[in-house]
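In what follows, a structure is listed as structure tokens, so that the remarks can point back to it.
Readers should treat all values here as calculations from the given coordinates under stated rules, not as data from a laboratory. None of the values given here were measured: they were computed from a predicted structure. Neighbour counts run over all protein chains shown; Cβ positions are idealised from the backbone, glycine included.
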Amino acid sequence: MAGLETIFRPTPGMRPQLACEIRPQGVIAARATREKHGAGEPMLAFAPLPEGALTPGLKVPNLASRPAVIDAMNQALDATSPRDRTLTLVVPDAAARVLLLDFDTLPASRQEALPVVRFRLRKMLPFDVEAAAVSYQAMAHRNDAVSVLVTVMPAEVLAEYEAAVREAGYEPGAVLPSTLAAVAVLGSEGASLVVNHNGNSVTTAVAQSDELLLHRSIDLPTEAGAREEEIARAVITTLAWYEDTLHAVPASIGYAGPGGAAAAAGSRWLGFVDRAPQIEDLVTAPEAGIMTSIPAGVAAGVMGALAG
């Protein structure tokens, strides 16, 4: 089992140079390329999924149409002409839980620290933490406490995704929730606010100087009007946190989601946000991929996965 990637911003070269993200609208794959004087533009490919093929959550099955998901993975990944079959798999935020926890102290040894982290999680999550895949990273020390980024994924859900990767002929070398992967595309200077709308969930996050300060993911209702209101409420809450904590107003919102920033700018949910900052694509994908066009708003996860 590959487990969950343990590092928020990895040392360059640590992660596989091939990545794919499974989103409700389809699978996007990316392969890093090299030019004479450094890294070139990644090769991208996208294969759509039929509606309802992916139903992300903390219980199996997430892959409602397993054959369709595996076929889309094959199409997208094979189109990048990978040189290696090991990849970083980016999964929906709804399939995992990401928490920022404060500890008075944490052992330096991961072997000693992991049981401490698991013990803290036992009463916080609605699944068996002892059997789950757990990773953590210390973010910062402040006020005599250490802030720790913890990522948890139910064992059976992780196994379902990893098995699909292997059935497609690849090996999962690392696994990352969508927003954790996406925020790696941000620069290390200043603070950024990110909104990732991924099917039946929306995640808002704030990162500053290589540190994740806030990560909040909520499930969305199925009714369209209620869904728009929930997205707006999530963004408003995060904007308020940003202003109260950082004593500033974000210059823009980095957006990933169906239709990209152009679709978000014309959506009902943004209209609910008073004095909303400018909304911009977190990543601008090329107009055309290797085998088909790349839908706006889907490339941030794989681009971030390759950023390490």
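For the pair the stretch 44-91 and the stretch 198-223, the centres of their Cα atoms are 22 angstrom apart.
Rounded to two decimals, the Cα radius of gyration of the stretch 113-232 over 2.2 N^0.38 Å is 1.21. Relative to the compact-globule estimate of 2.2 N^0.38 Å, the Cα radius of gyration of the stretch 41-192 comes out at 1.18. When DSSP beta bridges are limited to those with both residues in the stretch 188-281, what percentage is antiparallel, rounded to the nearest 5? Counting DSSP beta bridges with both partners in the stretch 188-281, the antiparallel share is about 65 percent. Seen from E156, the other residues with C-beta closer than 10 Å to its C-beta sum to a net charge of -1, counting Lys and Arg as +1 and Asp and Glu as -1.
From the square roots a ≥ b ≥ c of the eigenvalues of the alpha-carbon gyration tensor of the stretch 119-165, which class results: rounded (a/c under 1.5), prolate (a/b over b/c), or oblate? Because a/c hits 1.5 or more and a/b fails to exceed b/c, the stretch 119-165 counts as oblate. Put in line by how crowded their Cβ is, counting other Cβ atoms within 10 Å and starting with the fewest, D281, D219 read D219, D281. Quick one: work out the % antiparallel among DSSP beta bridges in the chain, nearest 5. Percent antiparallel among DSSP bridges in the chain is about 75. For the chain, pairs of C-alpha atoms spaced more than 32 angstrom apart make up 23 percent of the total. Annotation: extensible slack from E243 through A159 equals 26.3 nm (criterion: 0.36 nm per residue apart, minus Cα-Cα distance).
The charge dipole of the stretch 165-308, taken about its Cα centre with unit charges on the Cβ atoms of Lys, Arg (+1), Asp and Glu (-1) only, comes to about 140 debye. Look at the Cα gyration tensor of the stretch 129-193: its axes a ≥ b ≥ c give a/c of at least 1.5 with a/b at or below b/c, and that counts as oblate.
Across the chain, the relative contact order, built from alpha-carbon pairs under 8 Å that are at least six residues apart, equals 22 percent. Counting every C-alpha pair in the stretch 188-281, the share spaced more than 20 angstrom apart comes to 29%. Equivalent ellipsoid of the stretch 29-91: semi-axes from √(5λ) of the C-alpha gyration tensor, largest first, are 28, 12, 10 Å.
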